[in-house]
Amino acid sequence: MNALSTNENFYAVLQHLPKPKYPFPDFIHPDMQKQREEYYEWIDKEYAFQSIEAKEKHKKHHLTDIAARGCPFLKDLAELRPLANYTANGAMMDDYFDRCSRDEMYQIMNQISTLLSGEDPHEPKENGIFHLFWVLRQDAIKCEIPEKIYTKFVKSIRDVLIGYSEEKIYYRANTVPPLSVYLLIREATSGVQPYCDYAILQKEYRNIPEEVFDHPYITRIYSLCSLMIGIHNDIISLPKELMREGDTMNIVKVLQKENNLSLIDAYNKAMEIHDDYLKQFLILQEHLPPFGEYQSNVYDYVQDLGTMISGVYAWHTNDTSRYVAGGYGEGEFSGW
């Protein structure tokens, strides 16, 4: 049986296979629609260098909704805006630079990092991806994000971009990585750690001592959040990624190759791994170490990380335009 007919058989049963389920509430930021309107403006203004087709696809994806669902308790649009910028610009940038090399992606990462950190304080002369990251920093300053939180947020974005860089090795060669390599890279490229850092701005969590967020229990929870969202993204995007050469950073493809499994068995194994991570998350939440007077706040913070997971998944399941045939923006970057 050839690969195409195998995939077609898989598509026929895919809708009947188990899907991720989360025991967390799902909320939406009240300014989601306002942020959408700004998102459309960003695409028209900052992404003018892209084709009309790519821009129209981006608009249908409503990428800023991920921020509105992932951190629904930010106090206002001003606080939501930097996270929405990172989310939308990061995703559209990833599409645009889809087929660039590892070295090119590292150059891009370094330029973005200097703009976000303020090491390069100068406004880019042209609109575009880099200018929008410069805008992110200006918006963060305007809404007075505490420096320690912003610094961690920027560091996490840099780690995401490192993940983007390292996965290029496998994309360019059209090879599937070993599972251990996949998990390391996917934890970064899921883009979730910046969300975990930014979620501290919600409610009263910024009053929790910084060492709490560096505690091994909490950092393990961050990893679990990143891996769960990375895996459920892979599951949602699998039909698209089976059809595109070079889309090798998908856990189903990884498990299929590493364990010589059928697509269905690899899919079910991916769900087992995902559900095991969810069990670990719930166990750690219920067995947090003593954090003294901050115990209740830390528990609630972890619960809101669960809300973040549910929110991101809700975006994935509500979106009907990005992970379908012809819906994904193809890489238009042709080199420096």
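Observations, loosely collected:
- Of the options [x] 56, 50, 39; [y] 59, 51, 35; [z] 58, 41, 37, only one is Cα extents along the principal axes in Å as computed from these coordinates, and that is [y].
- Taking each residue as 0.36 nm, the span from Glu123 to Leu288 lengthens on full extension beyond its C-alpha to C-alpha distance by 55.0 nm.
- Taking region 85-100 and a reference point 7 angstrom along Cα→Cβ of Asn174, the backbone N atoms nearer than 19 Å belong to 98-100.
- Most positive-pole-ward Cα, Ser180, Trp42, Val302, against dipole of the chain from beta carbon charges: Ser180
- Karplus-derived HN-Hα couplings along region 281-297 (A = 6.51, B = -1.76, C = 1.60, θ = phi - 60°), whole Hz, x at Gly and Pro: 4, 5, 5, 5, 4, 7, 10, 5, x, x, 10, x, 5, 9, 3, 5, 5
- Each Lys and Arg contributes +1 and each Asp and Glu -1, all at the Cβ; summed about the Cα centre of region 1-133, the dipole is approximately 520 debye.
- Phi-based couplings in Hz for region 49-65 (Karplus 6.51, -1.76, 1.60; Gly and Pro marked x): 6, 8, 5, 4, 4, 5, 5, 5, 5, 4, 4, 5, 7, 6, 5, 6, 4
- Beyond 28 Å in Cα-Cα separation lie the following of the pairs Lys168/Lys240; Lys152/Lys203; Lys142/Lys168: Lys142/Lys168.
- Selected from Ile162, Gly118, Ser51, residue furthest toward positive end of dipole (region 29-173; charges at beta carbon): Ile162
- When Val181, Val254 are arranged by Cβ crowding within 10 Å, least crowded first, meaning fewest neighbours, the order is Val181, Val254.
- Cα-based radius of gyration for region 28-90, normalised by 2.2 N^0.38 Å, reads 1.07.
- Distance in nm between pseudo-label sites at Glu210 and Glu144 (7 Å out along the Cβ direction from Cα): 2.0 nm
- Dipole axis of the chain (+1 Lys, Arg; -1 Asp, Glu on Cβ), positive-most option in His62, Ala266, Ile231: Ala266
- Here the 3J(HN,Hα) profile of region 241-252, calculated from phi with Karplus coefficients 6.51, -1.76 and 1.60 at θ = phi - 60°, is 6, 6, 9, 10, 5, x, 7, 9, 8, 9, 4, 5 Hz, Gly and Pro shown as x.
- Dipole magnitude for the chain: about 440 debye, using +1 per Lys or Arg Cβ and -1 per Asp or Glu Cβ, origin at the Cα centre.
We did not get these values from a lab; they are worked out from the coordinates using the rules stated. Keep in mind it's a predicted model, so treat the numbers as computed, not measured. Cβ coordinates were reconstructed from backbone atoms using ideal geometry, including for glycine residues, and neighbour counts include every protein chain displayed.
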